[in-house]
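K.L.:
To start, I am sharing the structure in question, which I have written as structure tokens.
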Ligand SMILES: C[S@@+](CC[C@H](N)C(=O)[O-])C[C@H]1O[C@@H](n2cnc3c(N)ncnc32)[C@H](O)[C@@H]1O
């Protein structure tokens, strides 16, 4: 192994607090014209007093992930259905949409760091799995299929705006999006999140992850969405749904039909990848956009917007 200039990487990390303080002093002393943004300072100060960075397999990706959970983010919105907004749920939806257009709340540094370490751990997992009938390692599949911080922040902001007691996620994968949703509710009054995954291996990795990082908040179920949803034993009606399972017109419609009776009045439903098409040449067209528009025409849907042209958010009466 080739040593880094300051010694082994381990020694560099042990010296990280001194290096960080030296960097801050250097910048504060005006001996550098490198701009240091408040967010960089906050990150540096936090990481100086923790060993989180030393635990990361990929420190650069780890820091970028944490940054994505904290930096100022907004989204582009286009309306597709606009019911009157003079009722309380309507105002809640408008407030949520305007939050997305202006600035989604930042996550806390410890929460961001916890999720970033979980993502780092999964991305480094070389265990063999299968995706779309092909062998692939967990790390590559996780990186391809899981929510990056930009989507995670969207979930975090929307679960807060929906003021849900109970959330449902279709398509758990490795549990990362569920962690973003779980971070939106306080420990004392947690929102319950039920999440469904078909594949056994992803289900058990997710179950282990959320059991460690979001116990008493996230409950994983294994099976097909349309089979599991009717068997869910929920205490509260669902106030927020994230649909990120099968991305086809038919699945959007069938899944919406299955969970619609569970929705509370004013619930938010977010569909991912409304303009997705299956890249596998021999597969049938996905027609997700047709499916999304068909759901929007459902008589219970009062308002709907598209986010970044990629996700569809609706509210039911
Ligand atoms: C895009 S990934 C989900 C990513 C995850 N929500 C995240 O952001 O971290 C889609 C997942 O849905 C699962 N899935 C697809 N169709 C399903 C179905 N009908 N029932 C249950 N799970 C399904 C797949 O196995 C896959 O793990």
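Readers should treat all values here as calculations from the given coordinates under stated rules, not as data from a laboratory. Predicted, not measured: the structure shown is a model, and the values here were computed from it. Cβ atoms come from the backbone with ideal geometry, glycine included; neighbour counts cover every protein chain shown.
K.L.:
Based on other C-beta atoms within 10 Å, arrange 136, 295 from fewest to most.
P.N.:
Ascending Cβ contact count within 10 Å gives the list 136, 295.
K.L.:
At q = 0.18, 0.28 Å⁻¹, what is the log10 ratio I(q)/I(0) for segment 61-134, with the Debye formula run over Cα points and no solvent?
P.N.:
Rounded to two decimals, the profile gives -0.83, -1.20.
K.L.:
With the crude spin-label approximation of a point 7 Å out along Cα→Cβ, what separation in nm comes out for residue 108 versus residue 143?
P.N.:
Taking the simple label geometry, residue 108 and residue 143 are separated by 3.1 nm.
K.L.:
Segment 189-234: D in µm²/s via Stokes-Einstein (Kirkwood Rh, Cα pairs, 4 °C, 1.567 mPa s)?
P.N.:
118 µm²/s
K.L.:
Pairs of Cα atoms under 8 Å, at least six residues apart: use those to get the relative contact order of the chain, whole percent.
P.N.:
About 15 percent, as a whole number.
K.L.:
Tell me the angle of helix 249-259 to the major Cα principal axis of the chain, expressed in degrees between 0 and 90 and rounded to the nearest ten.
P.N.:
That works out to roughly 80 degrees.
K.L.:
So how many Å³ per residue does the convex hull of the Cα atoms of segment 105-217 work out to?
P.N.:
Spread over its residues, the Cα hull of segment 105-217 gives 95 Å³ apiece.
K.L.:
Okay, next question. Kirkwood Rh over Cα pairs of segment 127-172 into Stokes-Einstein at 37 °C, 0.692 mPa s: D in µm²/s?
P.N.:
Stokes-Einstein gives a translational diffusion coefficient of 259 µm²/s.
K.L.:
Which percent of the Cα-Cα distances in segment 166-297 go past 17 Å?
P.N.:
So the pairs more than 17 Å apart make up 58 percent of the total in segment 166-297.
K.L.:
Roughly what % antiparallel, to the nearest 5, for the DSSP beta bridges in the chain?
P.N.:
50 percent
K.L.:
Relative contact order, percent, of segment 257-317 when contacts are C-alpha pairs under 8 Å separated by at least 6 residues?
P.N.:
41 percent
K.L.:
Additional query: Sticking with the crude label model, points 7 Å out along Cα→Cβ, report the distance from residue 128 to residue 41 in nm, one decimal please.
P.N.:
The answer from the label model is 5.2 nm.
K.L.:
As a test of the formula, what do you get for the chain when each DSSP H run with n ≥ 4 contributes -39,500 (n - 2.57) and the sum is divided by the residue count, at 222 nm and rounded to the nearest 500 deg cm²/dmol?
P.N.:
Value at 222 nm, helices only, nearest 500: -13500 deg cm²/dmol.
K.L.:
Rg(Cα) of the chain divided by 2.2 N^0.38 Å?
P.N.:
Scaled against compact globular proteins, the figure is 1.08.
K.L.:
Which semi-axes, in whole Å and largest first, does the equivalent ellipsoid of segment 233-295 have when worked out from the alpha carbon gyration tensor as the square roots of 5 times its eigenvalues?
P.N.:
26, 10, 9
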